[in-house]
1. Quick check on my filter: what residues within region 64-95 are charged (D, E, K, R) and in contact with an Asp or Glu (Cβ under 9 Å, 6 or more places away or on another chain)?
2. Restricting attention to region 106-121, which residues are free of Cβ contacts under 8 Å to residues at least 60 places away in the same chain and either in the same structural domain as Leu38 (by TED's automatic domain parsing) or over 13 Å from the mean Cα position of the chain (by Cα) (or both)?
3. Where the second residue is among the basic types (Lys, Arg) and part of a strand (DSSP E or B) and the first is surrounded by fewer than 22 Cβ atoms within 10 Å (Cβ to Cβ) and lies in region 94-105, which pairs have Cβ atoms under 8 Å and are six or more apart or on separate chains?
4. Determine whether region 53-61 contains at least one residue that is surrounded by 11 or more Cβ atoms within 10 Å (Cβ to Cβ) and either assigned to a helix (DSSP H, G or I) or among the β-branched types (Val, Ile, Thr) (or both).
5. Criterion first (touching a strand residue (DSSP E or B) at 6+ places or on another chain (Cβ under 9 Å), hydrophobic (A, V, I, L, M, F, W, C), surrounded by 14 or more Cβ atoms within 10 Å (Cβ to Cβ) and in a loop (DSSP other than H, G, I, E, B)) does Val67 satisfy it?
6. Consider only pairs whose beta carbons are under 7 Å apart and that are at least six residues apart or on different chains; among these, list those whose first residue lies in region 73-92 and is within 13 Å of Gly120 (Cα to Cα) and among the β-branched types (Val, Ile, Thr) and whose second residue is buried (at least 18 other Cβ atoms within 10 Å of the Cβ) and modelled with pLDDT of 95 or more.
Amino acid sequence: MRHDLLSDVLSSIKNGDKVGKRKIIVPSSKMTKEVLILMQKHEYIGNFEYIDDGKGGKFKISLLGNVNKCGSIRPRYSVAADGYGKYKRRFLPASGFGMLIVTTSKGIMIHREAEKSNLGGKLLAFVY
């Protein structure tokens, strides 16, 4: 039984990229789909497609080799609209490098968009 699906998906992406795989198959969820859309938009992964297996479904993801490290942030820290700096220093290696993925009242977005929109939220993941 899986407890943190997002963490499983991100570790599969990181490990697949590390060993040079071109495609991986991971379990699906709505939150995972939104995170994958953000990663695709920022060119960390290639295309992905949903595969209906009659159970929960899966995603087939093509990897580009652009992920140095990614992971889920547990516990899900709450962040105020002006409090992203502390977590950028903690989870990202350099200024302007990588992204934090945040869930806000306006949906799942990266920390730069949340700062621009003056939104706080909960941290989900980091990618660089």
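1. Here is the first cut: in region 64-95, the residues charged (D, E, K, R) are 69, 74, 76, 82, 86, 88-90.
Hits for region 64-95 are Arg74, Asp82.
2. So the first thing to find is which residues in region 106-121 are free of Cβ contacts under 8 Å to residues at least 60 places away in the same chain, and the list is 106, 111-121.
The answer is Lys106, Arg112, Glu113, Ala114, Glu115, Lys116, Ser117, Asn118, Leu119, Gly120, Gly121.
3. Pairs that qualify, where the first residue is surrounded by fewer than 22 Cβ atoms within 10 Å (Cβ to Cβ) and the partner is among the basic types (Lys, Arg) and part of a strand (DSSP E or B), are Thr103/Lys122.
4. yes
5. Numbers: touching a strand residue (DSSP E or B) at 6+ places or on another chain (Cβ under 9 Å): yes; hydrophobic (A, V, I, L, M, F, W, C): yes; surrounded by 14 or more Cβ atoms within 10 Å (Cβ to Cβ): yes; in a loop (DSSP other than H, G, I, E, B): yes.
Here the answer is yes, as Val67 does meet what is asked.
6. That search, which allows pairs on different chains as well, returns Val79/Val102; Val79/Gly121; Val79/Leu123.
The values are calculated or read from the model by the stated rules, or taken from the named source; none is laboratory data. Model, not experiment: these values are computed from the prediction. When we count neighbours, we look across all protein chains shown, and the Cβ atoms used for this are built from the backbone with ideal geometry, even at glycine.
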